[in-house]
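Okay, structure first, notes after.
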Amino acid sequence: MDQFWPASPESFLTAPPPALESLRPVLDQCLLMKGISGVPIAPFNGAPHALELSTWLTATLPDANRRNQINIAISADQIAANYVGGLTSLPSLELATMPQTHKENQEGLNEGYYSHCSFRSPTQAVPAEINPRNVLNRLFKSNDFSGQGRGGRGAGQSDALDRSMLDLVIGGAKDLRRTLPQNDQHKLDEYLDSVRSLERRIASIEFRQKEAALEKAGVSTRRRNDADSPPIEIRIPEGDRRSEYMQVMCDLNVLAFQTDTTRVSTYIGSTPNGVSYPELVQGRTPLPDPSQQPGRQGGQGGRHHRVQHLPVRPHGEEDGQPEGGRRHPAGQLHHDVGFRPGGWQQTLPREPAFIIAGKGGGSINTGRFLADTKGNQGDLLTTLLACAGVPLDRPIGIATKQITEMMVKV
């Protein structure tokens, strides 16, 4: 961590630490936050791998009384997708590096908790796509603005749906929620989620009708700003060099945003004891191979989880890897909000690292290192959705407030 945290807030932009050097071209559009507390993991003290992803966007622990079933909370990305997903052909895009099949049976928790970060509802995990070609095909085959639904129904059938009635239902349910016991609140929340899903489909129909009418009138609805970054080139890697694989998955994510195919996306780079990255082992002192220890599997060739635990040589002796002239889509960052962990550590649950990339349309005060942030992970998720203009009828997970010091003061 001495190579991750800046020496001071003042040196963040001018002299970033080695671990952040590759972000130097866009640091003025990033916000580094230290001091945010993670989700307390009791009574699941023996399940760090099952909680890494499942609590990441939910800020909520699984239901301790139904450990073998998925029962947690809708995730922040899906809350956003419920609000803006109807404006794009894909409400959200979920990507991953590895198959979502990992299981260690920690604390008897369902295997879905180990490899999923997105939850459409408290009981439904959202699967992620791991094949780059499938993602590319999906992006270009999903752009249908003809007004026809997937079931072949015409957009005109939306006339019978009354938006004002939905507003009354949601408004009344919010008032009712305040009077209910906790178990009934959960049931009502699931009902509200289904109502929002219906509202999203209605919004999608209305949006597509408007788009189709404009296109028919000869008005282009696909405009680009001069400040937008040029469309990114996608090259599907060959072989098994996983860092190149991860790069192309990130490029696909950028392409999805550039083409406005989706406005909400997640990417799971690795899961516990995941694939090997031999190119990342340089500059680290070898440790005994875990595969030679009783009850352990794998470990050869720089496995991601194992490499994270290896000691690093003193500063100045690392074997650095060149950036290779990668482009940063800086123009896009003005409007976007990216949320990435610098690390999740069970031994340091009160000091995980958070990197926020993007100004959120001018709502986030970037170019800073907040060395003593007050708040928890749920507070951060709640604040990010507020900055993205997503209305909330309840805080996310353990949240109790918004983190106002990260926002632009008005």
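The values are calculated or read from the model by the stated rules, or taken from the named source; none is laboratory data. Bear in mind that the values here come from a model prediction, so they are computed numbers and not experimental data. The protein model used for the area step is the full one, side chains on, heavy atoms only, and it has no ligands, DNA or RNA in it. Shrake-Rupley method; radii C 1.70, N 1.55, O 1.52, S 1.80 Å.
A few comments on the model shown:
- For segment 28-95, the solvent-accessible area works out to 29 Å² per residue, with a probe of 1.4 Å and every protein chain left in place.
- Residues whose amide H falls under 5 Å from that of Leu93, counting only those 5 or more places apart or on a different chain, are Val264, Ser265, Thr266, with hydrogens built in the peptide plane.
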